[in-house]
Amino acid sequence: MSTRFDNRFEGKVALLTGSAATNKDELMGFGGATVWRFLEEGGKGVVITDVQDEVGEKSAQLLRDAGHDAIYMHLDVTEEDEWTAVVDATMKHFGRLDILVNIAGILDPKSILDIEPAVWKKTMEISTVGIFLGTRAVAGPMEKSGGGSIINLASMAAKQGSGSYGSAYSFSRGGMLNFSMSAALQLSSLGIRVNTIMPGWVHTPFTDYLYSDPVQSKFRTDRVPLGRWGKPEDIAGGILFLASDDASYMTGAELLMDGGVSAGSVRPSNPKGDD
């Protein structure tokens with residue numbers, strides 16, 4: 001059925017990090033839900049990147065089998081040379097780059113007192129160093145393409161403290177918000193917009209261990225005013241809005257998509273002590 005979004009990304013190319021899971025028959029992440037809609041709404045092509053090479057290659061093949069132009073490349077977002085290789089390959093294959101969606105991230109499972117410094121550093125580096133290197137890598141090609149949109153996936157945790165675990169995660173996601181504002185100011189003259197999305201609890205491969213635990217899943221559902229976990233498609237809608245011309249006057253903004261969790265101030269204690 002035709003919609004007003006049919007061709008809003010005509011001729012555009014998107015690059016997504018942490019986006020290997022795109023199989024519609026399995027549990028998808030934010031990237032998977034985004035790439036399908038992006039291509040179905042006229043996108044010229046996508047570059048899927050991740051460190052899960054087998055999953056990523058299969059995902060790109062699924063997209064190609066459906067008639068779309070898609071490539072997969074390995075990308076450790078903390079490595080500058082790998083960013084250079086991915087962006088160079090994108091420009092060689094497609095001749096342009098319009099959208100970057102930074103999704104890559106990891107969780108830290110321990111408290112401030114218990115977490116290993118190496119895990120803390122890795123959590124910080126993937127979230128903050130990763131989007132820094134990615135922004136630098138795509139700025140020139142985006143300017144040559146006529147401008148572009150960078151969307152950074154942070155979290156509602158960016159605005160909250162952590163009670164028993166996840167302090168590195170929430171700290172790093174808060175840093176993403178500030179970086180995005182600086183990047184929005186500094187790249188505006190190049191025609192590049194930079195915005196952030198703060199998802200709440202969404203059922204993806206990243207959070208499946210919580211969703212699959214009846215106690216943890218119910219605890220979170222009970223805290224969501226809309227009464228359910230989010231779906232990857234929910235967040236994809238926000239990503240594609242910020243990537244599109246519908247958001248042409250938005251930069252340096254934060255889009256909260258948490259089902260209303262952050263609107264409340266009273267939080268019951270977690271039955272297992274986790275946030």
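Quick rundown of the values:
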| read-out | value |
| --- | --- |
| FRET efficiency for His74 and Leu107, using Cβ-Cβ distance with R0 set to 25 Å, rounded to 0.05 | 0.70 |
| For region 15-171: span of alpha carbons on each principal axis (Å, largest first) | 50, 37, 26 |
| Over the chain, relative contact order from alpha-carbon pairs under 8 Å, at least 6 apart, % | 18 |
| Theoretical gain in end-to-end length, Glu40 to Glu116 [0.36 nm per residue, Cα-Cα removed] | 23.0 nm |
| Computed over region 119-200, Cα set: Rg, Dmax in Å | 13.6, 46 |
| Principal axis dimensions, largest first and in whole angstrom, of the chain by Cα | 52, 41, 38 |
| Most fluctuating residue given options Val13, Val46, Val129, as computed from a GNM of the chain linking Cα atoms under 10 Å | Val129 |
| For Leu256, residues with placed amide H under 5 Å, excluding near neighbours | Met198 |
| Paramagnetic reach from Met250 (point 7 Å along Cα→Cβ, amide N under 17 Å) across region 114-154 | 148-154 |
| Cross-link pairs Lys24/Lys231; Lys121/Lys159; Lys44/Lys92; Lys24/Lys121 - those with Cα-Cα distance over 22 Å | Lys24/Lys121 |
| Solvent-accessible area, 1.4 Å probe, carbon plus sulfur percent, for region 127-275 | 56 |
| Value at 222 nm in deg cm²/dmol, rounded to 500, when DSSP H runs of n ≥ 4 in the chain each add -39,500 (n - 2.57) | -12500 deg cm²/dmol |
| Separation between Cα centres of region 98-158 and region 184-258, rounded to whole Å | 14 |
| Whole-number accessible area per residue in Å² for the chain, which is evaluated in the context of all protein chains at 1.4 Å | 47 |
| Cα radius of gyration and Dmax for region 142-275 (Å) | 16.3, 53 |
| Val202 long-range amide H proximity, modeled H, under 5 Å | Gly230 |
| Sites Ser217 and Met257 - FRET efficiency at Förster radius 22 Å, r taken between beta-carbons, to 0.05 | 0.70 |
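The values are calculated or read from the model by the stated rules, or taken from the named source; none is laboratory data. Since we're looking at a predicted model, the values are computed, not measured. Please note: Cβ atoms are built from the backbone with ideal geometry, for glycine as well, and neighbour counts cover all protein chains shown. Calculation scope for accessible area: heavy atoms of the full protein, side chains included, ligands and nucleic acids excluded. Shrake-Rupley method; radii C 1.70, N 1.55, O 1.52, S 1.80 Å.
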